Each structure stands twice: as structure tokens, then as C-alpha cells.
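Just so it is clear, none of the values below were taken in a lab; they were calculated from the coordinates. These numbers were taken from a predicted model, which means no experiment stands behind them. Using ideal geometry, Cβ is built from the backbone for each residue, glycine included, and neighbour counts are taken over all protein chains shown.
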Amino acid sequence: MPGVLTAIADPSVRDAFREWLLRIADDELVIGHRHSEWTGVGPDIESDVAMSSIAQEELGHGRALYEQIAQDEGSDVDRLAFGRAPNEYRHAALLEQENDGWEYSIVRLVLYEAFEGARLRLVAASGQEPVAGLARLLGREERYHGLFAETWLTRLAGGAVDGPGRVQAALDAAWPDALGLFEATPADDVLLRAGVLTSSPAAQREAWTDAVRPVLESCALTMPTAEAREGGRRGVHTPAFGRLLAQMTEVWRSDPEARW
Amino acid sequence: MTSGRVDQRDGGDARWERPLGTAPDVWAVFVQGRHRDMHVYAGDVHAPDAEMALVLAKESYTRRDPCVNLWVVRADQIHATAQTAAEMFVPAIDKSYRFGGSYRQQRRVLQSSYKASYREEDQ
């Protein structure tokens, strides 16, 4: 059975869709790794288990999407996930930042899940099977991730002592990187013109802002006004990603040919 | 949000904020595996309110076995018999007449269409 990419006749659309798949998979892989860093040190055992479970699911989503590409190109999922140079990764900077406290990880999860849910709906509507069906399936799990994040956000932001200030600081820190999720690249233009995507990065960003605003404002948080910090979608990453990649790929690099 | 607010979603009596060093409440978690099953006690979670207890119970108790619905109940709202009263439940005389184990009818019930529809639901 031909894969989703070989089924696309126009090479420029095929390349652009590959870029999009890689971007989603990289987002999931990198945030999955960051979430997994909470395993064993979460604020309580139940949230530790839940965050670890979310980490596993994000990694699983990344894997499922890498498989779509690997299947088409006869390549290896692990090599795709772990064997690229840093500038070949297409995730947004938001996902690579260190876990600067539980409140940062929760704020990031709230912002990312609102984005990811909408993006999976876009892919589901793209008509590109079997990825569209996969996106519908993955969206089911993202719903819990968002619920977990928002439930925690409400409690942290409602704290009596330093909760509100710390959550606001985390939000202010995450905001420019969160806007970087919507960095426009030539691939977006190609897919829009081809009708594969039905929403431009700017329109996605507007819809996302409308979606997160009531969540943040109901927690008495102030919407930041900072500008986007971009680069991730073009492979330009922060030093945090170099450290993450070195750690994440350590075992794989020890023997890239090993079968696990 | 003001300090010491009362969480209205939890019936209005659940003050989720408390002094540092106070342990969060314990909630008993009941899992319903399939729509016609009874909810079965699965274990506890620590959480400041019912909504958080449900969110945490989902990952703590439904990752492996099937689940269609969860209940959480504040553990201190569950009334229990005393452990020392256990012998109250032990029969003193033969009451095997109360057990249906030997009834052929029981096997028929177990193999009835009711159970068959369960299998369909599971697939």
C-alpha cells in the first residue's frame, strides 16, 4: 500500500506535507521528552503518573507520525527520531524549553494542547489518508492532556500565596515561544494553495488566541502582549535543544544499528 | 480568584486551598468497566477537590483495564463497620441452602443472551 506521501502526485505538495508531518512529530517527540523529565519528581504521585502517561502518549503520537514518513521512504523510525542534526528538527522552541518549575510545564501544556487539538483537526480535514484518520484517533488522547493541564492551571493560579504571580510569570515566559508555534513557512503556503490545509498560520493563531483567552482570563491571568519568537519551524533552535537532543539520543547513538 | 475561595464545582463545601503542610484529602475511586457493570472500588487518590480527583483517578486506575465511568467519593464520607466486628459476618450454622452454586439454572443464566450481549459490547 502506498504511503500518504507517495500518494501525492505534485512533488512540491509532497515535500510540504512531509515538512508538516515532521513538524507535528517533532513537536510531540520533544514535548514528550520534556514531560518525561517529571517522572519520579512530580509534585505528587498521582500527577507524576499522569504526566508520565501524557509523556508516553506524546512520544507515541510522534512515533505514529514518523512511521508515516518512514514507511514512504523506506527509512527507520528511530533514525528519523534520533539520527538527525539539530537544525533538521522542525519543532517550535516552546517545546524544547527546560521545565522551569511545575507551573511552567502546566502553562506550556495548556498552550500547546489548545494548539495541538486544532492542528490535528486540520490534518483530519486534509483528506490525506491514512494520516487524516490517524489525526482523528490521536485527537482523542489530546483531550485528556488539555483537561489535566487546565485543571492544574486553575488550582495553581488560584493559590493564596505566590501561585498567581508564578503562573503569570510562567505564562509571560512561554508566550513568545507559544506564538512561535504559528511560524509561517513556505510549506504552509504550498499546502494552503493545494487545499490540503484550510487555515493559514495567521488564522490558526487567531483561533488559538480566542480559545486560550477565556481559559487564562478565567484564572485571572493577563494575556501577554509580547511578540512571537520564531525559528523552530526552520530548524533554528535554542541551546536548550542541544542539551535535550544529547540526552534523548544518548542510548540510540551508543549503537544506531541495534534492534531494541 | 481570591484566596481561600470555595470551589463551587465541588458542591460549594470544598475549600481546596489549605495551609502548607496539610495533607490533601483522600478520595476513594470507583471504576465502571462496562456500561452494565457496577462501579467497583479500585483504590484512592489524593486531591484537593472532586474535579482534580477525577482527573488524577483516570490515569491512576484506568490505564490498563477498560473503563466507561468513574466515581470519586471523599474517603471520610464512607462509613465502615469496625474491623473487630468481622465475626458478625461468619455463619454459625450451615447455610448452604442460601448458595445457588449447585443450581443448573445458574449455568443457564451465565450463558444467557444477557452475557452474549456483553460479549458483543466488548467487541
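Using a 7 Å offset from the Cα along the Cα-to-Cβ direction at both A:ARG143 and B:PHE89, what is the distance between the two label points in nm, to one decimal?
Those two pseudo-labels are separated by 3.8 nm.
Once the cut-off is 15 Å, how many percent of the Cα-Cα pairs in segment A:1-85 end up in the long-distance tail? Don't jump to the answer; show the numbers that get you there.
Numbers: 2194 of 3570 pairs.
Summing the P(r) of segment A:1-85 above 15 Å gives 61 percent of all pairs.
Suppose each label sits 7 Å from its Cα in the direction of the beta carbon; what would the A:ASP162-A:ARG79 distance come out to in nanometres?
Distance between the two pseudo-spin positions: 4.9 nm.
Among A:SER200, A:SER126, A:SER47, which comes first, then next, by fewest other beta-carbon atoms within 10 Å? Please report the intermediate quantities before stating the final value.
On the way: A:SER200 15, A:SER126 20, A:SER47 24.
Neighbour counts put them in this order, fewest first: A:SER200, A:SER126, A:SER47.
Quote to one decimal, in nm, the extra length available between A:VAL41 and A:ALA203 on full extension: 0.36 nm per residue of separation minus the C-alpha distance between them.
Working: separation 162, 0.36 × 162 = 58.32 nm, distance 3.82 nm.
Between A:VAL41 and A:ALA203, full extension yields 54.5 nm more.
Can you give the charge dipole size of the protein assembly as shown about its Cα centre, rounded to the nearest 20 debye, using +1 on the beta carbon of Lys and Arg and -1 on the beta carbon of Asp and Glu?
Numbers: 42 positive and 59 negative charges, 289 e Å.
The dipole magnitude comes to about 1380 debye.
Cα atoms only, segment A:79-141: Rg and Dmax in Å?
When restricted to the Cα atoms of segment A:79-141, Rg and Dmax are 14.4, 40 Å.
What Kirkwood hydrodynamic radius, in Å, does segment A:133-175 give when the mean of 1/r is taken over all pairs of distinct Cα atoms and then inverted? Before the final figure, lay out each step's value.
Details: mean 1/r = 0.0841 Å⁻¹.
The Cα-based Kirkwood calculation yields 11.9 Å.
Tell me, what HN-Hα J-couplings in whole Hz come from the Karplus equation 6.51 cos²θ - 1.76 cosθ + 1.60 at θ = phi - 60° for each residue of segment B:79-92, using x for Gly and Pro?
9, 10, 6, 6, 4, 6, 8, 4, 5, 4, 8, 8, x, 8
With +1 on each Lys and Arg Cβ and -1 on each Asp and Glu Cβ, how big is the dipole of segment A:88-246 about its Cα centre, in debye rounded to the nearest 20? Walk me through the intermediate numbers first.
Details: 16 positive and 22 negative charges, 65 e Å.
Roughly 320 debye, rounded to the nearest 20.
For a quick check of your reading of the filter: which GluC sites (Glu not before Pro) in segment A:152-260 sit in a DSSP loop and have no more than 14 other Cβ atoms within 10 Å?
Here the sparse-neighbourhood loop sites are A:GLU227, A:GLU257.
What three numbers, in Å, describe the spread of the alpha carbons of segment A:176-260 along their principal axes, ordered from the longest?
For segment A:176-260, the Cα spread along each principal axis is 47, 40, 24 Å.
Sum -39500 (n - 2.57) across every DSSP H segment of at least 4 residues in chain A, then divide by the residue count to get the 222 nm mean residue ellipticity, nearest 500. Show your work: numbers first, answer last.
Details: 11 runs with 173 residues, N = 260.
After summing the helix terms and dividing by the residues of chain A, the value is -22000 deg cm²/dmol.
Can you give the extra length, in nm with one decimal, that the chain gains between A:ALA9 and A:MET223 once fully stretched, where that is 0.36 nm per residue apart less the Cα-Cα distance?
Working: separation 214, 0.36 × 214 = 77.04 nm, distance 4.33 nm.
So the chain would gain 72.7 nm between A:ALA9 and A:MET223.
Of A:VAL251, A:TRP208, A:PHE148, which is farthest along the charge dipole of segment A:131-260 in the positive direction, counting Lys and Arg as +1 and Asp and Glu as -1 at C-beta?
A:VAL251
Name the residue, out of A:ASP172, A:ASP76, A:ASP27, whose mean-square fluctuation peaks in a Gaussian network model built on chain A with Cα pairs under 10 Å.
Among A:ASP172, A:ASP76, A:ASP27, the largest mean-square fluctuation in the Gaussian network model of chain A belongs to A:ASP76.
If you wrap chain A's Cα atoms in a convex hull and average its projection over all directions, what's the area in nm²? Please list the in-between numbers first.
Values: hull surface 54.8 nm².
So the Cα hull casts an average projection of 13.7 nm².
Which of A:ARG155, A:ARG79, A:ARG121 ends up with the largest GNM mean-square fluctuation for chain A, with Cα atoms connected below 10 Å?
A:ARG155
Give me B:VAL45, A:VAL110, A:VAL251 sorted ascending by neighbouring Cβ count inside 10 Å, so fewest comes first. Display every interim value, and only then the final one.
Numbers: B:VAL45 29, A:VAL110 26, A:VAL251 11.
Starting with the residue having the fewest Cβ neighbours, the order is A:VAL251, A:VAL110, B:VAL45.
Find which of A:LEU109, A:SER75, A:GLY3 sits farthest along the positive direction of the dipole of segment A:1-127, computed with +1 on the beta-carbon of Lys and Arg, -1 on that of Asp and Glu, about the Cα centre.
It is A:GLY3, whose Cα lies furthest towards the positive end.
What are the semi-axes of the equivalent ellipsoid of segment A:178-228, taken as the square roots of 5 times the eigenvalues of the Cα gyration tensor, listed largest first and rounded to whole Å?
On the way: eigenvalues 145, 28, 6 Å².
Calculated on Cα positions only, the semi-axes equal 27, 12, 5 Å.
With θ set to phi - 60° and the Karplus curve 6.51 cos²θ - 1.76 cosθ + 1.60, what are the ³J(HN,Hα) couplings of segment B:25-40 in order, to the nearest whole Hz, using x for Gly and Pro?
Using θ = phi - 60°, the values come out as 5, 9, 10, 7, 10, 10, 10, 9, x, 9, 4, 9, 7, 7, 5, 10 Hz.
Can you find, among A:SER53, A:LEU95, A:GLY139, the residue sitting farthest towards the positive end of the charge dipole of segment A:51-147, where Lys and Arg contribute +1 and Asp and Glu -1 at Cβ?
A:GLY139
Which order do A:CYS219, B:CYS67 fall in if you start with the one that has the fewest other Cβ atoms within 10 Å?
Working: A:CYS219 21, B:CYS67 18.
In increasing order of surrounding Cβ atoms, one gets B:CYS67, A:CYS219.
Please give, to one decimal in nm, the separation of the simple spin-label points placed at A:ALA258 and B:LEU110, each 7 Å out from Cα toward the Cβ.
4.8 nm
Share of Cα-Cα pairs in segment A:81-210 beyond 19 Å, in percent?
On the way: 4797 of 8385 pairs.
When all Cα pairs of segment A:81-210 are counted, 57 percent exceed 19 Å.
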